[in-house]
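Encoded as structure tokens, the structure appears first; notes follow it.
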Amino acid sequence: MFNHQSCYLCHKTNVRPIYKINNRSIYQCLNDDLFFSIDKKGSKFDYDHDYYEASPYNQLQLINNIYFQSKLNKLKTLTHEKKPNILDVGCGWGNFLQIVKNNHLPYLGIDLSPRAVEICQEKKLSCQKADLINLSKIKNQKYLIITFFQVIEHLKNPLEYLKAAKKLLKKNGVLLITTPNNQSPLRYLLGSRWSVYNTPSHYFFYSKKSLERLLKLAGFSNFKVKIDHFRFFSSEYVLQRIFNKKISIPQIINLPIPTDPWGDLEAIVINK
């Protein structure tokens, strides 16, 4: 049975149960269209070695380098700076950080996972274990660019994180967010079998409407939310997500698989 819950954004109880998936329940707020999960009491997810066992981009990395380079080019254009300083929140495997480093720009990656930090430091990337909220309280450094690549769906308190990002953004600085699109046709087709719902570390599922609502509540007014460009995942990573366990396949057949063309949203925010 589903327990009656209230919405994270509007705090109203006008919500309805959508799916029951293993130890979690998926709800929809009928007021602002936010979908969210409530996990069974006692459930806990750790971003440990198992989570980082298979990189999503370990085959034909050049294809995804084009994706991240295009993001960087867009952000640089919006800041009107040749060498903007960059903070990448939830840097994971360090794919975007590597592109930033290759472009010889000042940057810092932060992540709450010791394993993610370890992976990035092994690649000689500038990365440290840090919480953005605490960073916004103690760090004098401000940034022209802050990025959240596929991070915000993992946060239990996304509003607090976006408010922290606003504090760390310089005037006219740019915030970039990408996140799964809860209005993707594939989501409607697969329903409870959609991989995004079945990822235990995902807590919120955003539509254009609910993401815009979140940005407004965080104090932003100048932003645009649209469908993001698709990426390519390694076969190994895709199979690991489908079966929710470690799967190793020979590199020769670990081919890149295109993601859902409508599967992600991109938000570009100018801090006025």
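The values are calculated or read from the model by the stated rules, or taken from the named source; none is laboratory data. For clarity, every value in this text was computed on a predicted model and none was experimentally measured. As a convention, Cβ positions derive from the backbone with ideal geometry for all residues, glycine included, and neighbour counts pool all protein chains shown.
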Among the residues of the stretch 41-55, is any under 19 Å from the mean Cα position of the chain (by Cα), surrounded by 20 or more Cβ atoms within 10 Å (Cβ to Cβ), over 23 Å from Ser192 (Cβ atoms) and at pLDDT 75 or above? no
For Asn85, which of the numbered conditions (1) at positive phi; (2) touching a Phe, Trp or Tyr at 6+ places or on another chain (Cβ under 8 Å) fails to hold? (1)
For the stretch 76-107, the count of residues that are of a type outside the set (Ser, Thr, Tyr) and either more than 17 Å from the chain's Cα centre (by Cα) or surrounded by fewer than 21 Cβ atoms within 10 Å (Cβ to Cβ) (or both) equals 18
Subset of the stretch 128-152, residues under 29 Å from His229 (Cβ atoms), assigned to a loop (DSSP other than H, G, I, E, B) and not hydrophobic (A, V, I, L, M, F, W, C), comes to Lys142, Gln150
Farther than 23 Å from Asn22 by Cβ and more than 16 Å from the chain's Cα centre (by Cα), is that true of Lys208? no
List the number of the failed condition for Trp194; all other conditions in (1) in contact with a helix residue (DSSP H, G or I) (Cβ under 9 Å, 6 or more places away or on another chain); (2) closer than 20 Å to Asp39 by Cβ; (3) buried (at least 16 other Cβ atoms within 10 Å of the Cβ); (4) modelled with pLDDT of 95 or more hold. (4)
Working only within the stretch 135-182, note down all residues that are touching a residue at least 60 places away in the same chain (Cβ under 8 Å) and either over 26 Å from Ser55 (Cβ atoms) or more than 19 Å from the chain's Cα centre (by Cα) (or both). Leu144, Leu159, Lys166, Leu168, Leu169, Lys170, Lys171, Asn172, Gly173, Val174
Search the stretch 4-40 for residues being under 30 Å from Val117 (Cβ atoms) and assigned to a loop (DSSP other than H, G, I, E, B), and hand back the single one that is modelled with the lowest pLDDT. Lys40
Kindly indicate the residue of the stretch 79-114 that is outside any loop (DSSP other than H, G, I, E, B) and among the hydroxyl-bearing types (Ser, Thr, Tyr) and also nearest to Lys272 (Cα to Cα) among those meeting that condition. Thr79
Of the conditions (1) out of contact with any strand residue (DSSP E or B) (no Cβ under 9 Å at 6 or more places or on another chain); (2) at positive phi; (3) modelled with pLDDT of 85 or more, the single one that Gly90 does not satisfy is (1)
Go through the residues of the stretch 232-241 one by one and say whether even a single one is small (Gly, Ala, Ser), modelled with pLDDT under 90 and within 22 Å of Pro56 (Cβ to Cβ). yes
